[in-house]
Amino acid sequence: MDLSPGVHCVHQIQWLPCQFTDEHVSLNNEGHVDTQLIHREAMLQFGQKGDAPVNPHAITFLITGSKLDLRRYLDGVEADQLECELRRYSTEGIHVHWPSQEAKEYNRWFTCTLKQNKGLFIVIGFLRHPSDHPPPGQQDYRSWPTIADTEILTTSGKHQQMSESCIAMVTKTQTPSVKATLSSQQRLHCQFAIDHRGANVSVEWHRQHRGERTKLFSHNSRTRQSQGSGVGVKALAGGDASYTLPFTKMNSEGTYICSVSVNPLLGSQDIILQIEEPPRVSLNVGPVLSLLDGTDHKVVCEAENYYPLDVEINWYEQDPAVSGQRVGAPLPKMLQNILLSSHKHNQDMTYSVSAFFYLQASFRASGKQFTCSVSHKSLRVPIKKSFILNVEGESRS
């Protein structure tokens, strides 16, 4: 279940500065639960039991003796491109004997979320910290043990064995945010890894949009029963839970949630899918518009079938002789007398709009280039359509 095979340089990361988002849970005067988030300095440190902390002034999570190495899932990025957050994880009082731990041991659980700072991937690891104390009931978050500012948390146990693991489970997505055009096929990436074989794994996909949550797929490794479609059941055995959306429609938009459950852990990755359909731009005139001096003509630039709604249309006037110059060319003049039609809501839920003006023909304007520029969030650069005005005198009989 290696999510990033062949990556070696990432193992050079020996530590990562992290934010430990701690929680202080209490009852207020009205008897309701209040949660106060406390942001604390922490270090995720990879090494051996007994290693000195890299930062003695921070809480140190010392990762040792793990079959799953978080660093193998980081796609070779440098440490300064990663955002790291550590949090406590509530099992709601459930204790499950984790394979490889000692019979008398209990567990305290933490999550480590690693995000690439440009949104290329999100990795979530579950850290197991052996403890002598059983979970304090269903609302275990109300009596979590205090962690001192300089405490060292090691996840390997008192008597380290090669089979013990500190990273119990990992989930990853390489598509945390997806922008899709209509009628396209999209693969929403979700992979997972567990530190032991034979685990009873449940995988589910849901779509959430405007308060509605719809189940798309589910599979249980022990019963081998599946519901829904979009995920290759054979691929699940190798930790690939990616979901394929065969044909995107407007109602495909939403948050897609990939959930991987191994009792008592539930890991999920949220993938936001947005529809972005680029506009089709056209003019109601050809490359050259010939008019008689003194006449006028309605010139229309139409942007059709785009989504979402916001679009910007501008008209410019320029001398074509200087438009190709890189240095010293005057900027195009933006026309001010532009009128916009009302937005048209099409049957496929896309939008259309037009920007037009009345061009008065004069010999002074003859030879000028007029350009319609359309900007939309689906476009890296604006779409431009141009024509050249040719003004003629009245014909003599």
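The values are calculated or read from the model by the stated rules, or taken from the named source; none is laboratory data. These numbers come from a predicted model, not from an experiment. Cβ atoms come from the backbone with ideal geometry, glycine included; neighbour counts cover every protein chain shown. Keep in mind that these areas ignore ligands, DNA and RNA; they rest on the heavy atoms of the full protein, side chains included. Shrake-Rupley method; radii C 1.70, N 1.55, O 1.52, S 1.80 Å.
Observations, loosely collected:
- Residue match in the stretch 385-396 (condition: modelled with pLDDT of 95 or more and of a type in the set (D, E, K, R)): yes
- Output for the stretch 26-40, where each listed residue is exposed (fewer than 14 other Cβ atoms within 10 Å of the Cβ) and in a strand (DSSP E or B): SER26, LEU27, VAL33, ASP34, THR35, GLN36, LEU37, ILE38, HIS39
- Within the stretch 277-308, the residues that satisfy the criterion of being within 29 Å of the chain's Cα centre (by Cα) and of a type outside the set (A, V, I, L, M, F, W, C) are GLU277, PRO278, PRO279, ARG280, GLU304, ASN305, TYR306, TYR307, PRO308.
- Residue within the stretch 288-297 that is surrounded by 14 or more Cβ atoms within 10 Å (Cβ to Cβ) and among the aliphatic types (A, V, I, L, M) present: yes
- Selected residue (criterion: least open to solvent (accessible area, probe 1.4 Å)) from residues of the stretch 166-185 that are more than 30 Å from PHE126 (Cα to Cα) and outside any strand (DSSP E or B): SER184
- When the stretch 298-327 is filtered for residues that are crowded, with 17+ Cβ neighbours inside 10 Å and modelled with pLDDT under 95, only GLN318 remains.
- Residues of the stretch 143-163 satisfying the condition of being open to solvent by 30 Å² or more (accessible area, probe 1.4 Å) and either part of a strand (DSSP E or B) or at pLDDT 65 or above (or both): SER143, TRP144, PRO145, THR146, ALA148, ASP149, THR150, GLU151, ILE152, THR154
- Checklist (1) over 28 Å from THR111 (Cα atoms); (2) assigned to a strand (DSSP E or B); (3) not basic (Lys, Arg) applied to PHE217, failing item: (1)
- Residue list for the stretch 353-396, filter: acidic (Asp, Glu) and free of Cβ contacts under 8 Å to residues at least 40 places away in the same chain: none
- If the condition is being in a loop (DSSP other than H, G, I, E, B), charged (D, E, K, R) and closer than 27 Å to ASN117 by Cβ, then the stretch 52-104 contributes ASP69, ASP75, GLU78.
- Among the candidates ARG207, ARG224, residue that is surrounded by 16 or more Cβ atoms within 10 Å (Cβ to Cβ) and either at negative phi or without any contact (Cβ under 8 Å) to a residue 60 or more places away in the chain (or both): ARG207
- Among the residues making up the stretch 29-63, those that are more than 28 Å from the chain's Cα centre (by Cα) and closer than 18 Å to CYS84 by Cβ are GLY47, PRO53, VAL54, ASN55, HIS57, ALA58, ILE59, THR60, LEU62.
- Among (1) closer than 21 Å to ARG197 by Cα; (2) at pLDDT 90 or above; (3) hydroxyl-bearing (Ser, Thr, Tyr) - the single one SER66 does not satisfy: (2)
- Residue satisfying condition, being buried (at least 16 other Cβ atoms within 10 Å of the Cβ) and more than 18 Å from the chain's Cα centre (by Cα), within set HIS219, HIS196: HIS219
- Qualifying residues in the stretch 236-288 (those that are part of a loop (DSSP other than H, G, I, E, B) and among the aliphatic types (A, V, I, L, M)) - the one nearest to THR371 (Cα to Cα): VAL285
- Hits in the stretch 227-259 (condition: open to solvent by 30 Å² or more (accessible area, probe 1.4 Å) and of a type in the set (Ser, Thr, Tyr)): SER229, THR244, THR255
- The numbered conditions (1) within 18 Å of GLY294 (Cβ to Cβ); (2) at pLDDT below 95; (3) surrounded by 13 or more Cβ atoms within 10 Å (Cβ to Cβ) are all true for PRO332 except (1).
- Among residues of the stretch 335-376, those that are charged (D, E, K, R), open to solvent by 60 Å² or more (accessible area, probe 1.4 Å) and within 12 Å of LEU389 (Cβ to Cβ), counted: 1
- Here VAL281 passes the criteria (1) crowded, with 17+ Cβ neighbours inside 10 Å; (2) of a type outside the set (Ser, Thr, Tyr); (3) touching a Leu at 6+ places or on another chain (Cβ under 9 Å) except the one numbered (3).
- Qualifying residue in the stretch 92-109 (condition: of a type outside the set (D, E, K, R), modelled with pLDDT of 90 or more and buried (at least 18 other Cβ atoms within 10 Å of the Cβ)): yes
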